[in-house]
Every structure is written in C-alpha cells, then in structure tokens.
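The structure under discussion appears below in the form of structure tokens.
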Amino acid sequence: MINALPDEGIPAEQVLAELRELRAGDLPTHGGRLFAYVYDPALDGLDVLAQAAHAISSHVNGLDPTAFPSLLAMENALVGAAARLLNGEQAAGSATGGGTESILLAVKAARDSRPDLTTPRMVVPSSAHAAFAKAAHYLRVALDVAPVGPDLRADPAATAALMTKDTVLVVGSAPSYAHGVVDPIPQLAGIAADNGVRLHVDACFGGWVLPYLKRLGADLPDFDFTVPGVTSISVDLHKYAYAPKGVSILLHRTEELRRPQYFAYAGWPGYTMVNPVISSTRSGGPIAAALATLRTIGDNGYLGLAARTRDAVSVLAAAVEQTDGVRLFAPPETTVVCMAGEDTDLFVLADELAARGWHTQPQMAFGDLPPTIHLTVTAAVAATAAEFAPALAEAVATARSRGPVEIPLPGLTPEMITPGLVAQMAGRLEGMAAVNSLLNVATPELREALLTAFLSVLQRPE
Ligand SMILES: Cc1ncc(COP(=O)(O)O)c(C=O)c1O
C-alpha cells in the first residue's frame, strides 16, 4: 500500500526509488515488443529531451495565453506544423489532451454549428473509434452507425442512407484503429458536402504517419484537407509523432469552422472563462515536450521512422502469412497488423505470445467479425520484427495443443452485475485467456457491465 500523505515528507531519492519500483511492474514501454498503448521511435536521448522540455513548462497554465505567451507560441507552432502536414492552408486548430478530447470537440463544434436542431445526429462507420460513442453520450448527439463493407471500410452507400435533415456530422477514419484500414474519405466527404454538413477525419492514430507512408510510395487514398468537403481532422502527437502522452491536435479547415468549438462564460463573479478545449487549467508540460519532440526529430526524421515502421509491418505480416493457424484479417496497408485464427484460439495465443515477451491486443468478436489480435507497429519494432516469426510459430503450436478455454456464462445479464460478483468471478478465472474468452461470449452490453464493475473494483482508495 502506498501512503500518499505520510506524516512527514519522504526524501526525494526514496520517493523516486519507490516510483521506479512501481513502474517495474508495468508492461515494457520500450523494446519493440508491446503492440498497443505505447509509441516508441527507439531514438536515443529522446525521452531525456522530452522530459527536460516537459519540466520547463509543467507549471505554465494554458488557462490564459496572455499570461503565458510561451505556451501560446508553442501551441500555435504545433498546430501550424500539423496544418502544413495535412495540407490545411487556411486551417485553424487547438492542442487538446488526447484523441478522445479532439473528437469530443469536433462533435461539439458540429453540434453547436446547428443550434436550430433539437436532436442533432452524426453518422459514423461501425469501425469508428469508441470516442465517437462517448461524444454522442456526453453531448447528446444521436449516433447513427453505418455498417462497414466486407473490406472493413466505411461504406459510402450505407452512410448516404443514414443521412437525415438532423445530421450535423459524418465521420471517417484514416485509418481505423481495430484494423488499420483507411476509409474512402473522398466519397464520404462528397456525401457530407452534398448534404451541407461537416466531415471529420479521425486521423488520431495515423495522421502523423500516413503522409510519410504516402511520400514513401504507399498507395493510400487521400484523407486530408486536399479532399474537398473534409472540414476537420484530429491527429494525435502522442501517437506517431512520438511525443509523450497528453497532446492531440484538432484542426478545422477554417477559423470560422472552429468557432463553435469554443466555450465562453462571463456570467459569474470571477474571470471570464474562454476555453477552446475541455480543460480550463492545462499544463504546458505535454505541449513543450511535443514541440521538443517534433523539432528534434524533424520532417526527414519522421520519414525515416515511417520507413522503419513500414518495413517492420511487412516482416510481421509475412510472419502471420507463413504461420499455419493464423491469417491476416485486414490488409496491412498502414501501421497495423491484424490477425485472425484458424483452428487456433486467439485468446490462448495472446497469452502464449505474452509468455514469450510479445504483448499484443486481443479484440473480441463483434457482429459478424471473429476475434482478432491487433498489433500497433511503431519504429522500435524494426529492431525486433525478425524475432516475431519463430515466437509466433511456437505460440500457435502451443495454443493449438492447449485448445480453447471454455467459459460458460451462467445466464448473466447486465443488471445482475455488481462489483462484488465480478471480484468473485475474477478470483476464479486463471490467465487472461479465461477472462477474454468470457468477455468474448458476452454481449457488448454485458461486456460493458462486467468491465465497468471490474474497474470499479480496481479503483478503490488505499
Ligand atoms: C483512430 C483513433 N481515434 C481516437 C483514439 C483515441 O485517442 P486517445 O486514446 O488519445 O484518447 C484512438 C486511440 O487509439 C484511435 O486509434
């Protein structure tokens, strides 16, 4: 147990030693063997630089850019760089705390651009990131989900069929997180423009790497402001720009389109609050760290990192293709390798890979889609990719001999789920394969209830 408020303060060295010990229990954020959560360029000295930059600005408050012009200058520089990368000649934007915040704000801007509507709606492909469902929920915008086509991409016809007079926003991904494929943005933007509504491109994941992959010759559809009808784009710097966590950029095609993103309030006795983003007080640390990261890597540096990432993707994809018992589930056209199983239980396989030091992300069955394993590939993987094929072959062979973990769901419904029940269940399940197999047979609603209760068990004060 950690006592966060000891009677007497603890010496700095001891505090740091404790933190290091805690961190030792985490998954490895470096080393090219963790395929989710972290983005690692494997550049010597980059962490030290970003930490130093973070420290310089961590106490600066973005609440008032006139008090801290350094932060305003840094934010404008980041937004300008993103705008140039994504061909937004007239673009205006903001630095937010992450992809979800950028998406919430893109949805808010679209909603508030139509104050005449009582039930604004947005059309998203079923592959869109869960952050759009969160935005719909927080902002009371109705969510119309268009099924994706057999190629896992947004289906323009299904999107067009859902357009109504209340639609304020259409969404496409470049690429989708789960499968790493790029939606047909020109067609989606055409539909949005024909209906006079906004089109948001969620390039949170890929926005900083796709332009470089294209420069390297990848045959990918246009997805940025060169496409008429694209009105906003989100791109996370804490993903493929390799900045420390806490920075995404939301761009609008024009300053006028950005206007309804802002919130202003003077109806209280304190300062007039004018916030472009959700937080009011915000630290300059992540923004300074992101700026330092961009400036030290540079445009050519990002091109080189994209080449290393592309090469690593090819090596991993070839490993999947060569291995009996797994197959590529989606074309590895960006930075994701997504595999499905053939007579191999993927949840057992994920455990076997983890036992060999490779940490992947299992994805549950969804609608007609089978369970898959997702690998987010970053430049660091170039150094380890060649070791993946033998580990995969061994892990598949072991998973096949173990067979699936059969976990019956004893007639549970979401209403029956309590933190106590989930704590009991968790105590009886051995290994992640058992947990994932149980979640996989649960309906999405039951899965939400189970994991919510589980998180509630985890989040107990000490
Ligand atoms: C396509 C896409 N959109 C949005 C997000 C949300 O980003 P964040 O986790 O920074 O909120 C992610 C995260 O992986 C993503 O892949």
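The values are calculated or read from the model by the stated rules, or taken from the named source; none is laboratory data. Everything quoted here is computed from the prediction, not taken from an experiment. Here the Cβ positions follow ideal geometry from the backbone for every residue, glycine too, while neighbour counts run over all protein chains shown.
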Checklist entry - Can you tell which of 79, 38, 107, 48 is free of Cβ contacts under 8 Å to residues at least 60 places away in the same chain and among the β-branched types (Val, Ile, Thr)? => result 48
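Mind listing whichever residues of segment 125-148 are more than 11 Å from the ligand (Cβ to nearest atom) and not in a loop (DSSP other than H, G, I, E, B)? Break it down into steps so the answer makes sense when it comes.
Our first condition is that a residue be more than 11 Å from the ligand (Cβ to nearest atom); within segment 125-148, this holds for 125-126, 133, 136-148.
Listed by number, the residues that qualify are 125, 133, 136, 137, 138, 139, 142, 143, 144, 145, 146.
Can you find even one residue in segment 321-329 that is crowded, with 17+ Cβ neighbours inside 10 Å, more than 22 Å from the chain's Cα centre (by Cα) and closer than 30 Å to residue 184 by Cα? Spell out how you get there, then give the answer.
So in segment 321-329, the residues crowded, with 17+ Cβ neighbours inside 10 Å come out as 323, 325-326, 329.
Filter once more, so that each one left must be more than 22 Å from the chain's Cα centre (by Cα): 323, 325-326.
Now restrict to residues that are closer than 30 Å to residue 184 by Cα: 326.
Yes - at least one qualifying residue is present in segment 321-329.
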Checklist entry - Any residue at all in segment 272-290 that is under 30 Å from residue 338 (Cβ atoms) and either charged (D, E, K, R) or touching a residue at least 40 places away in the same chain (Cβ under 8 Å) (or both)? => result yes
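Yes or no: residue 88 closer than 26 Å to residue 299 by Cβ and more than 16 Å from the ligand (Cβ to nearest atom)? So that I can check it myself, show each step before the final result.
Details: closer than 26 Å to residue 299 by Cβ: yes; more than 16 Å from the ligand (Cβ to nearest atom): yes.
Criteria met by residue 88.
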Checklist outcome for this item: Note on residue 289: of the conditions (1) crowded, with 22+ Cβ neighbours inside 10 Å; (2) touching a Phe, Trp or Tyr at 6+ places or on another chain (Cβ under 8 Å), unmet is (2)
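May I ask you to say which residue of 144, 112 is surrounded by fewer than 23 Cβ atoms within 10 Å (Cβ to Cβ) and over 19 Å from residue 233 (Cα atoms)?
Values: 112 fails: over 19 Å from residue 233 (Cα atoms).
Going through 144, 112 in turn, just one is surrounded by fewer than 23 Cβ atoms within 10 Å (Cβ to Cβ) and over 19 Å from residue 233 (Cα atoms): 144.
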Checklist entry - Applying the selection to segment 235-256, what residues are touching a residue at least 24 places away in the same chain (Cβ under 8 Å), surrounded by fewer than 20 Cβ atoms within 10 Å (Cβ to Cβ) and more than 16 Å from the ligand (Cβ to nearest atom)? => result 254, 255
Item to check | Hey, residue 178 at negative phi and either within 15 Å of the ligand (Cβ to nearest atom) or touching a Cys at 6+ places or on another chain (Cβ under 8 Å) (or both) or not | outcome: yes
Checklist entry - So residue 462 clears everything in (1) part of a helix (DSSP H, G or I); (2) in contact (Cβ under 8 Å) with a residue 60 or more places away in the chain except one condition, right? Which one? => result (1)
Checklist entry - Take the residues of segment 1-43 that are among the acidic types (Asp, Glu) and within 25 Å of the chain's Cα centre (by Cα): which is nearest to residue 236 (Cα to Cα)? => result 40
Checklist entry - Only one of these conditions is not met by residue 151: (1) surrounded by 14 or more Cβ atoms within 10 Å (Cβ to Cβ); (2) away from the ligand (no atom under 16 Å from the Cβ); (3) under 22 Å from the mean Cα position of the chain (by Cα). Which number is it? => result (1)
Next on the checklist: Against the definition (surrounded by fewer than 13 Cβ atoms within 10 Å (Cβ to Cβ) and in contact (Cβ under 8 Å) with a residue 24 or more places away in the chain), how does residue 30 come out, yes or no?
Outcome noted: yes
Checklist outcome for this item: Residues of segment 315-374 being farther than 24 Å from residue 435 by Cβ and part of a loop (DSSP other than H, G, I, E, B), in sequence order, are 323, 324, 330, 331, 332, 333, 334, 335
Next on the checklist: So, in segment 58-78, how many residues would count as being in contact with a Leu (Cβ under 7 Å, 6 or more places away or on another chain) and within 14 Å of residue 291 (Cβ to Cβ)?
Outcome noted: 5
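Being more than 21 Å from the chain's Cα centre (by Cα) and surrounded by 23 or more Cβ atoms within 10 Å (Cβ to Cβ) narrows it down to one residue among 215, 198; which is it?
Numbers: 215 fails: surrounded by 23 or more Cβ atoms within 10 Å (Cβ to Cβ).
Of the residues listed, the single one that is more than 21 Å from the chain's Cα centre (by Cα) and surrounded by 23 or more Cβ atoms within 10 Å (Cβ to Cβ) is 198.
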Next on the checklist: residue 118 - would you say it is part of a loop (DSSP other than H, G, I, E, B) and of a type in the set (Val, Ile, Thr)?
Outcome noted: yes
Checklist entry - Residues in segment 378-389: is at least one touching an Asp or Glu at 6+ places or on another chain (Cβ under 7 Å), free of Cβ contacts under 8 Å to residues at least 60 places away in the same chain and closer than 30 Å to residue 127 by Cα? => result no
Checklist entry - So, in segment 55-93, of the ones that are among the β-branched types (Val, Ile, Thr) and not in a helix (DSSP H, G or I), which residue ends up surrounded by the most Cβ atoms within 10 Å (Cβ to Cβ)? => result 60
Next on the checklist: As an exercise: evaluate residue 444 against (1) at pLDDT below 90; (2) surrounded by fewer than 19 Cβ atoms within 10 Å (Cβ to Cβ) and give the number of the one condition it does not meet.
Outcome noted: (1)
